[in-house]
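The values are calculated or read from the model by the stated rules, or taken from the named source; none is laboratory data. Predicted model, so just to flag it, every value in this text is computed and none were measured. Here the Cβ positions follow ideal geometry from the backbone for every residue, glycine too, while neighbour counts run over all protein chains shown. Note: areas computed on protein heavy atoms with side chains; ligands, DNA, RNA excluded. Shrake-Rupley method; radii C 1.70, N 1.55, O 1.52, S 1.80 Å.
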Amino acid sequence: MRALQLVSDRQLDLVDLPAPEAPAPGEVQVSIKALALNHIDVWGWRGMAFAKRKMPLIVGAEAVGEVTAIGEGVTRFKPGSKVAMYGALTCGQCRMCKSGRDNLCEEVAGVMGFHVDGFARDQLNIKERLCVPIPDGIDWVDAATAPVTFSTVEHMLFDNAKLEPGETILVHAAGSGIGTVAIRMAKEIGCTVITTAGDDEKCAKALALGADHVINYKTDRFEHEVRKITKKKGVDVVFEHVGAETWNGSLLSMRPGARLVTCGSTSGVSVNMNLMQLFQRQYRIIGSFGAPIRAIADGLTRMARGVKPVIDSQFPLEDFAAGLERLETRRVFGKVVITF
């Protein structure tokens, strides 16, 4: 079978590896149909120092496929089932896993495609409990964005920020994969969406996507524009994933008692923050990392209702690096998907 391996920083090799053996008890064998790219793929490709791993490493952290065989004891799937796969190798036994908070697993063995071999291969065996059924009517390309992108946004907006209909939300980076999904999920429940983008073309696309107000952060101070749009009240929720460049402006954009939920720090990991502003205005700041398995199912349910991802581009497996380069240079609006 084909497999795409990272052999050194920024060097990928498409190799031929033995096909997996029959699935073990509790496992399913999956034929990969599509995978979506994320910044974690870019970080791994660059060679992030904090990733403890051995090369060669099969890449790919977010994927979907078709079950081709099942191991003894598997009851939820059969050959032909369409599945989305959870990319964190959780233990399934600790108190966090048993309470449905898989993303806080106390014995996680790593993230596939980053710490351990990932999904960029024709076939693999994976535990049944790490698979989620894909509803009928969702194609492979759209479904490929569910395991990481849709689940991350679902967890941020609804598990953590508790976004409610009618609220006003500031979504940073409208053109990013999670930014586009956050806009659509917030609009689905009737929120007012203010978003930011770095050029006029992306601003126009964000408006077409459904955002109510779009701010070009390269020509305007977004926090000033947010205050104008909200008549100095501020927003109820900030969807933050940019990091140091936007952090304090995000706080200035919030009304008293508002919530900021963050899952990223691509522009820098350290900030100086006004603590008096934090407690006097009674802000709630929530960190959100990954998502529980349940959030994949919840995201797929929204997708089946019509909340579809924005697909920026598609590449075949052999052009995986071209997709990474497109994501790295921030030319994207939506998701980059790799097809098999």
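Scan the range 25-49 for residues that are touching a residue at least 24 places away in the same chain (Cβ under 8 Å) and hydrophobic (A, V, I, L, M, F, W, C) and jot them down.
Going residue by residue through the range 25-49, those that are touching a residue at least 24 places away in the same chain (Cβ under 8 Å) are 25-47.
Result: 28, 30, 32, 34, 35, 36, 37, 40, 42, 43, 45.
Among the numbered criteria (1) among the charged types (D, E, K, R); (2) over 15 Å from the mean Cα position of the chain (by Cα); (3) open to solvent by 40 Å² or more (accessible area, probe 1.4 Å), which single criterion is violated by residue 259?
Just one mismatch for residue 259, condition (3).
If you scan the range 50-74, which residues turn out to be out of contact with any helix residue (DSSP H, G or I) (no Cβ under 7 Å at 6 or more places or on another chain), touching a residue at least 24 places away in the same chain (Cβ under 8 Å), farther than 18 Å from residue 13 by Cα and outside any strand (DSSP E or B)?
52, 71, 72, 73
Scan the range 327-340 and report the pairs whose first residue is of a type in the set (Ser, Thr, Tyr) and whose second residue is assigned to a strand (DSSP E or B), with Cβ atoms within less than 7 Å and a gap of 6+ or a chain change.
Hits for this filter: 339/34; 339/314; 339/316.
Restricting to the range 189-203, count the residues that are open to solvent by 20 Å² or more (accessible area, probe 1.4 Å) and either closer than 18 Å to residue 229 by Cα or touching a helix residue (DSSP H, G or I) at 6+ places or on another chain (Cβ under 6 Å) (or both).
Counting residues in the range 189-203 that are open to solvent by 20 Å² or more (accessible area, probe 1.4 Å) and either closer than 18 Å to residue 229 by Cα or touching a helix residue (DSSP H, G or I) at 6+ places or on another chain (Cβ under 6 Å) (or both) gives 2.
Residues that are in contact with a strand residue (DSSP E or B) (Cβ under 7 Å, 6 or more places away or on another chain) and buried (at least 22 other Cβ atoms within 10 Å of the Cβ): find the helices (runs of 4 or more DSSP H) completely inside the range 88-188 holding 3 or more of those. Spell out the reasoning first.
Details: elements: 95-98, 140-143, 151-154, 177-188.
Those helices (runs of 4 or more DSSP H) span 177-188.
From the set of residues in the range 270-321 that are among the charged types (D, E, K, R) and outside any helix (DSSP H, G or I), which is most open to solvent (accessible area, probe 1.4 Å)? Walk me through how you get there before you give the answer.
Kept after step one, since they are among the charged types (D, E, K, R), are these residues of the range 270-321: 281, 284, 294, 298, 302, 305, 308, 312, 318-319.
Keeping just the survivors that are outside any helix (DSSP H, G or I) gives 281, 284, 308, 312.
Working: 281: 72, 284: 130, 308: 71, 312: 39 Å².
Among those that are among the charged types (D, E, K, R) and outside any helix (DSSP H, G or I), it is 284.
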